[in-house]
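To keep things clear, I will list the structure first and then write my remarks on it.
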Amino acid sequence: EELEGWFVRGYDCPRIMALLCEKYGLKYLPELHLSGQTWFNSEVVEKLVDDPAELYITSRLGTSARGEGNWFSSTWNPLHPAIQEKYIAIFGELADLVGDSPAFAGVSSRLMSWVWQGWNGLPSLNWGYGDWTIGQFEMDTGIDVPPFAEATEGRPGDPNDPQRFTQRFEFLTADAMRETWVKWRCDRMQGYLERLRDRIRRDRPEAVLYLPYYQDEKQAMDLIFGSYFQTPRGALKEIGLDLYTLAKTPGIAVLPGATFGRRNSTPLADA
């Protein structure tokens, strides 16, 4: 029901897979990678709020996937509560189908930029400069981010200036603000991931939320601009994953450097 319009089948595929795993003594770890479906985006996701524009993540240039993005653009803003609640509901529905099975080990939430919509992470530090996000940052931190409502000496005015996204990026990534900005994003994502973990543990308290990460420090999850920090740990923090915090968080497992299946493994017998 949560993935309305997606691949309707007359049988319960996750349940069948869980039963097969039970039969052969295996663990069942379903993986989700929501890669986009036009009807679902417009008829389900966009109708979660009155102003759909706030659901889309905005780049430092003011662009988003809403009408002006391309195949490589991430789409949704994972900091927005409507996006978070929908993704949690999707995972919860899957967990409810198989959570009573002893084979159920958790759910894997793939972090991979291939047709990636951004339900579970931020693309990089080059994204996240929309009006809604900046308003949340200002509310939480008490920090005013330019452009300001009124121009004063050294402070540009006009909050509707089309250059406001670049001004925000330059202000928030400057030496004085960068650490605060990155930490705020990571804190928001941490709370979101913990709620996601808690939902899949409703029937299976030992279930784990896995986050396999398929990219590298040069790209992060951003196929448009690339990573800002260009380091392995920095690229993950741009996504909103603080490994120091996650290492102390039960039930969430980050798998950096994951590979896309084992079909290219060597030797061939191993594959």
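Element breakdown for region 118-249 at a 1.4 angstrom probe: carbon and sulfur atoms account for 48% of the accessible area. Among (i) 18.8, 59; (ii) 19.8, 72; (iii) 21.1, 79, which one is Rg and Dmax of the Cα atoms in Å computed from these coordinates? It is the one labelled (ii). Here the relative contact order of the chain, from alpha carbon pairs under 8 Å that lie six or more residues apart, stands at 21 percent. Report, ordered by chain and residue number, the lysines lying within cross-link reach of LYS27, taken as a straight Cα distance under 29 Å and ignoring same-chain residues fewer than 8 apart. Output for LYS27: LYS86, LYS248. Under the criterion of Cα pairs below 8 Å and six or more residues apart, the relative contact order for region 182-251 equals 34 percent.
Note on exposure: GLU179, GLU85 ranked by accessible area (1.4 Å probe, complete protein assembly) read GLU179, GLU85, with the most exposed listed first.
The values are calculated or read from the model by the stated rules, or taken from the named source; none is laboratory data. These numbers were taken from a predicted model, which means no experiment stands behind them. Heavy atoms of the whole protein, side chains included, go into the accessibility calculation; ligands, DNA and RNA do not. Shrake-Rupley method; radii C 1.70, N 1.55, O 1.52, S 1.80 Å.
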